Ligand SMILES: [Zn+2]
């Protein structure tokens, strides 16, 4: 019989959970009660001309003043970032597009509120985690999520090891600035990307590109096309269908390439406000394009639409995804 005294270990501290979604337009904060507060983000998008350093200070102060004592904060950040160290590589909408200086956001938050445990994730990683939580099935090996919104990016989760593999800088799937695969006229393929490049995926297929693509295709009143497009598609307008096919094509080519390179990809989700907003016409055009038989490699065209899901608005929730990541549902792993 042991004579060693039995001491009771103190149980793990119960931390209140807070989820945060930091975008260029809105800063959303959801506390444990499930209530979500939405504030204008302290960003150059909302406050053009303001000093980015002052905006960053305001963000840190706002969060530090909001979260309860000893909370665990899971934060989705609209910026390319190193998730291991909580360092943002810069975000045009948040702090301007100048020379990219890394922002050690987690260290800044931890210095201001050391009682809080801060977990920061890229917003596409958070959306991927939410998509996996909702739609992945036990037999799925790899799940890909593509956001088609103000920008375009992709993340892949390896569910056999519950990981999101990233490179030494913490990046993965920044496909928005690859050259767009497009059969559109030169005027479309030479459109300028917000990054300064030419003919990138984002320059053709992201939301802000729509009026520019419409103009390059010679459509009338391209500046009004965003509001008019759903109605024009319903009425069967051929120019509208050509426009839709043009903006979907680079995304369909990404889907085709992912499937060609990795047969373990069992599910691909397409989300983001732009694609979700166009809804069923976008989905139908995407499926039509990925189902095209072009070579011996396309042996099962009827299958092309399966394992491909266009999300409906609200189905993917970066706040829920960030919380899932902070609980260890998936681990971001440097390769
Ligand atoms: Zn670009």
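Bear in mind that the values in this text are calculations on the coordinates, not laboratory data. Since we're looking at a predicted model, the values are computed, not measured. A quick note on method: Cβ atoms are made from the backbone with ideal geometry, for glycine too, and the neighbour counts reach across all protein chains shown.
Quick notes on this one:
- For the chain, calculated [θ]222 nm from helices alone, where every DSSP H run of n ≥ 4 adds -39500 (n - 2.57): -10000 deg cm²/dmol
- A full extension of the chain between residue 25 and residue 245 corresponds to an added length of 76.3 nm, given 0.36 nm per residue minus the alpha carbon distance.
- Over the chain, the pair-distance histogram of Cα-Cα distances with 20 Å bins from zero comes to 29, 54, 14, 2, 0 percent, rounded to whole numbers.
- Applying 1/(1 + (r/R0)^6) with r as the Cβ-Cβ distance of residue 306 and residue 35 and R0 = 41 angstrom yields a FRET efficiency of 0.60.
- Percent of beta bridges antiparallel (DSSP, the range 127-310, rounded to nearest 5): 55 percent
- Between 0 and 90°, nearest 10: helix 52-66 axis offset from the chain longest Cα axis: 50 degrees
- Extension gain, residue 15 back to residue 162 (0.36 nm per residue minus Cα-Cα distance, nm): 50.5 nm
- Compared with the dominant Cα axis of the chain, that is its longest principal axis, helix 225-234 is turned about 70°.
- The range 201-335 shape via C-alpha gyration tensor axes, a/c threshold 1.5: oblate
- The packing ranking of peptides 63-71, 79-87, highest mean first, is 79-87, 63-71, where packing means the average number of other beta carbon atoms within 10 angstrom of each residue.
- Part-to-part distance (alpha-carbon centres) for the range 207-232 and the range 27-53, which is given in Å: 30 Å
- Multiplying the residue separation of residue 297 and residue 261 by 0.36 nm and removing their Cα-Cα distance gives an extension gain of 11.8 nm.
- On Cα atoms only, tilt of 238-261 relative to the major axis of the chain in degrees: 50 degrees
- Packing around the peptides 232-245, 279-292, 16-29, 197-210, taken as the average count of other Cβ atoms within 10 Å per residue, puts them in this order, highest first: 197-210, 16-29, 279-292, 232-245.
- Given R0 = 22 Å, the distance between the Cβ atoms of residue 327 and residue 226 translates into a calculated FRET efficiency of 0.05.
- Working from Cα pairs under 8 Å separated by at least six residues, relative contact order for the range 17-115 is 28 percent.
- Antiparallel beta bridges, as assigned by DSSP with both residues in the chain, represent about 45 percent of the total such bridges.
- For the range 112-236, the orientation-averaged shadow of the C-alpha convex hull comes to 12.3 nm² (one quarter of the hull surface).
- Over the range 127-310, the reciprocal of the mean inverse Cα-Cα separation, the Kirkwood hydrodynamic radius, stands at 16.9 Å.
- Taking the range 260-294 and a reference point 7 angstrom along Cα→Cβ of residue 139, the backbone N atoms nearer than 15 Å belong to 264-267.
- Kirkwood analysis of the Cα pair distances in the range 17-115 returns a hydrodynamic radius of 13.7 Å.
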